[in-house]
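What follows is one structure encoded as structure tokens, with my remarks underneath.
The values are calculated or read from the model by the stated rules, or taken from the named source; none is laboratory data. Note that the coordinates shown come from a computational prediction; the quantities given were computed from them, not determined experimentally. Every residue, glycine as well, gets a Cβ built from its backbone with ideal geometry; the counts of neighbours run over all protein chains shown. Surface accessibility is based on the protein's heavy atoms, side chains included, excluding ligands, DNA and RNA. Shrake-Rupley method; radii C 1.70, N 1.55, O 1.52, S 1.80 Å.
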Amino acid sequence: MDKKEIEYIANLSRIELTEAEKEVFIHQLSNILSYIEKLNTLDTENIKPLAHTMNASNVFREDKPESSISREDVFINATAKIDTFFKVPKVIE
Amino acid sequence: MKLLESNSLQIKKKIVSRELHSTDIVRHLFERIKNLEPDIQAYITTTEEEALKKAIEIDKKIENNQQVGLLAGIPIAIKDNICTKNISTTCASKILKDFMPPYDAFVTKRLKEEDAIIIGKTNLDEFAMGSSTENSRYKITRNPWNVEYVPGGSSGGSAAAVAADMAFMALGSDTGGSVRQPAALCGIVGVKPTYGRVSRYGLVAFGSSLDQIGTLTKNVKDAAVLLQVIAGYDPRDSTSLQVPVPDYLDNINSGVNGLRIGIPNEYFTEGLHSDVNKAIKDALKIYEKLGANIVYLSLPHTEYAVAVYYIVANAEASSNLARYDGVRYGHRTNNARGIIDMYSRTRSEGFGSEVKRRIMLGNYALSSGYYDAYYLKASKVRTLIKNDFDNAFEKIDCIICPTSPVPGFKVGERANNPLQMYLSDIYTIPANLAGIPGISIPCGFSSDGLPIGMQILGKHFEEKRLLQIAYAFEQETDFHLKKPALRVPLRQR
């Protein structure tokens, strides 16, 4: 893993890294990835991937309206709001 | 002092029989918390006022001969990644510093319904990412047995609180061993139920195909009663399963005569501390004396579990943690140029370095061109690991192995080496990958006086059998009754 890749992944992750952090992460992530390489010694050609250990599939429910938390409660943790809207910086230049 | 050393069921009995007032216990407990917290650092938030209010309510109910719940008057701590209405839930992260959940998690609601007394929210590795509780953005929890050592993690605050008698029981969460490993390092009982046994509604998501809420208690019967309360189907968690919940205390003393215990060779290889090895081998002799049979077997894909886990868990974490954008809740940066910049700065300020590392790893494994090589490959090897357990359970009833390869490690010892830290969970991760239940119980002490944990793994939904097996051992030994020699100021009785 190199600096270019770190910057690409940081951008995908919406995380800003300092130059020093980039250096540390290149080293640490490379170490971890080379450890993970050991999976390639296994032949998994005919093995199905596992997502849910109990083989549950999609769970559906009746489309019945139910009460939920109140509108006031939805906003108690918002940093910025106007009336019943969350306020964010300008999206379109 | 002795009063606070009692287990949960003893305390409940005394309250219900009117030998003790719930309020007196709560007062004693908070006195102890105030004395010990500067050394142990187990709690992020304590809720003394609300706890006393609840205690008064319970005392009144008992006085009026009203019916009380299964956990009546028992003071309980909750890991700070489980939502508690109107009590802040931080995940030990700056990004959720002032987050006030507008609702209770399923398990929180159940505790309240059964008259438990919530005394506070415990420290953890940020977003439960870690094995030492050093990754918290607020404090480093210490092991009550030796404050130079970590309590394990990520439920280190819950484990330390119970071990130091600063709570009678606690809830944690276990994605790769985060209940069992700290239970082992702190000398208490930790249960990770089957994936789907306990609703995760209101548990802040980390690795959604692995996360499960578990119990930390002073003994096996306390674990049985707490699991009784939190287990069960909940339509609000689509991974919770409609399987009947048995009575966990009923027949808990049914013994282990004829039980087939599997010992996986791969768990007793290099890297296993000799004190841990000896403690487990001694424990097996006790089981044999009680009529169990030991069967040596192989779980051939064990060595791949950590690699699979750090792809699957981090891939899921990178998606789950995408929700922290500073818009609807949590920290938001003060200086942003435009919305993308706001997201990036908010997240960079809000997350600690281990969380950033894991988000980066997860996004790398899911990114275009790497998905097949990492995420898909790991998911396939996960099938092989689950098949190992399925094959083993055709010949045996349970597996016994160490919970942690070492009795403990010192604060700071592994903090700068993420890979070495990840390998702390080598014996606990496979159960999460396979979705099976596990319990860690105290089974000895190292030459340095640190507790050692033994892990018992079972088939899906066989928690009741695991509790019986654990209880049989507990009846023969007194490791669970040993207490750390904490420096308690003389003014406390």
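Some observations on this one:
- Number of positions in the stretch B:268-298 that are in contact (Cβ under 8 Å) with a residue 60 or more places away in the chain and either in the same structural domain as residue B:427 (by TED's automatic domain parsing) or on the phi > 0 side of the Ramachandran plot (or both): 1
- The set of residues in the stretch A:21-57 that are open to solvent by 70 Å² or more (accessible area, probe 1.4 Å), charged (D, E, K, R) and at the interface with another protein chain (Cβ under 7 Å from one of its Cβ atoms) contains only A:48.
- Among the residues of the stretch B:37-94, those that are surrounded by fewer than 23 Cβ atoms within 10 Å (Cβ to Cβ), outside any loop (DSSP other than H, G, I, E, B) and among the polar types (S, T, N, Q) comprise B:45, B:46.
- Note on the stretch A:83-93: among residues that are open to solvent by 90 Å² or more (accessible area, probe 1.4 Å) and more than 7 Å from every other protein chain (Cβ to nearest Cβ), the one that is farthest from residue B:343 (Cα to Cα) is A:83.
Conditions tested, residue by residue: (1) small (Gly, Ala, Ser); (2) closer than 30 Å to residue B:235 by Cα; (3) not in a loop (DSSP other than H, G, I, E, B).
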| residue | (1), (2), (3) |
| --- | --- |
| A:10 | yes, no, yes |
| A:16 | no, no, no |
| A:21 | no, no, yes |
| A:35 | no, no, yes |
| A:43 | no, no, no |
| A:58 | no, yes, no |
| A:62 | no, yes, no |
| A:68 | yes, yes, no |
| A:72 | no, yes, yes |
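- Among residues of the stretch B:204-229 that are touching a residue at least 40 places away in the same chain (Cβ under 8 Å), those with a Cβ under 7 angstrom from a residue that is among the charged types (D, E, K, R) and part of a helix (DSSP H, G or I), sequence gap 6+ or separate chain, pair up as B:207/B:316; B:208/B:316; B:209/B:316; B:219/B:474; B:220/B:474; B:227/B:463; B:229/B:110.
- Positions within the stretch B:315-368 being over 30 Å from residue B:379 (Cα atoms), β-branched (Val, Ile, Thr) and within 7 Å of another protein chain (Cβ to nearest Cβ), in sequence order: B:327, B:339
- Of the residues making up the stretch B:51-92, those that are touching a Gly at 6+ places or on another chain (Cβ under 7 Å) and either of a type in the set (D, E, K, R) or within 14 Å of chain A (Cβ to nearest Cβ) (or both) number 2.
- Scanning the stretch A:58-75 for residues that are at the interface with chain B (Cβ under 8 Å from one of its Cβ atoms), within 19 Å of residue B:99 (Cα to Cα) and of a type in the set (D, E, K, R) returns a single hit, A:73.
- Some residue of the stretch B:403-423 being open to solvent by 20 Å² or more (accessible area, probe 1.4 Å), polar (S, T, N, Q) and in a loop (DSSP other than H, G, I, E, B): yes
- Among the residues of the stretch B:265-299, those that are touching a Pro at 6+ places or on another chain (Cβ under 9 Å) and part of a strand (DSSP E or B) comprise B:296, B:297.
- The single condition among (1) open to solvent by less than 80 Å² (accessible area, probe 1.4 Å); (2) more than 28 Å from residue B:422 (Cβ to Cβ); (3) among the hydroxyl-bearing types (Ser, Thr, Tyr) that residue A:68 does not meet is (1).
- Filter result for residue B:392 (facing another protein chain (nearest Cβ under 8 Å), surrounded by fewer than 23 Cβ atoms within 10 Å (Cβ to Cβ) and in contact with a Gly (Cβ under 9 Å, 6 or more places away or on another chain)): no
- Of all residues making up the stretch B:141-185, the number that are touching a helix residue (DSSP H, G or I) at 6+ places or on another chain (Cβ under 9 Å) and closer than 19 Å to residue B:415 by Cβ: 21
- Note on the stretch B:218-256: residues that are within 23 Å of residue B:469 (Cβ to Cβ), open to solvent by 50 Å² or more (accessible area, probe 1.4 Å) and touching a Leu at 6+ places or on another chain (Cβ under 8 Å) amount to 1.
- Matching residues, the stretch B:303-314, being within 8 Å of chain A (Cβ to nearest Cβ) and among the small types (Gly, Ala, Ser): B:307
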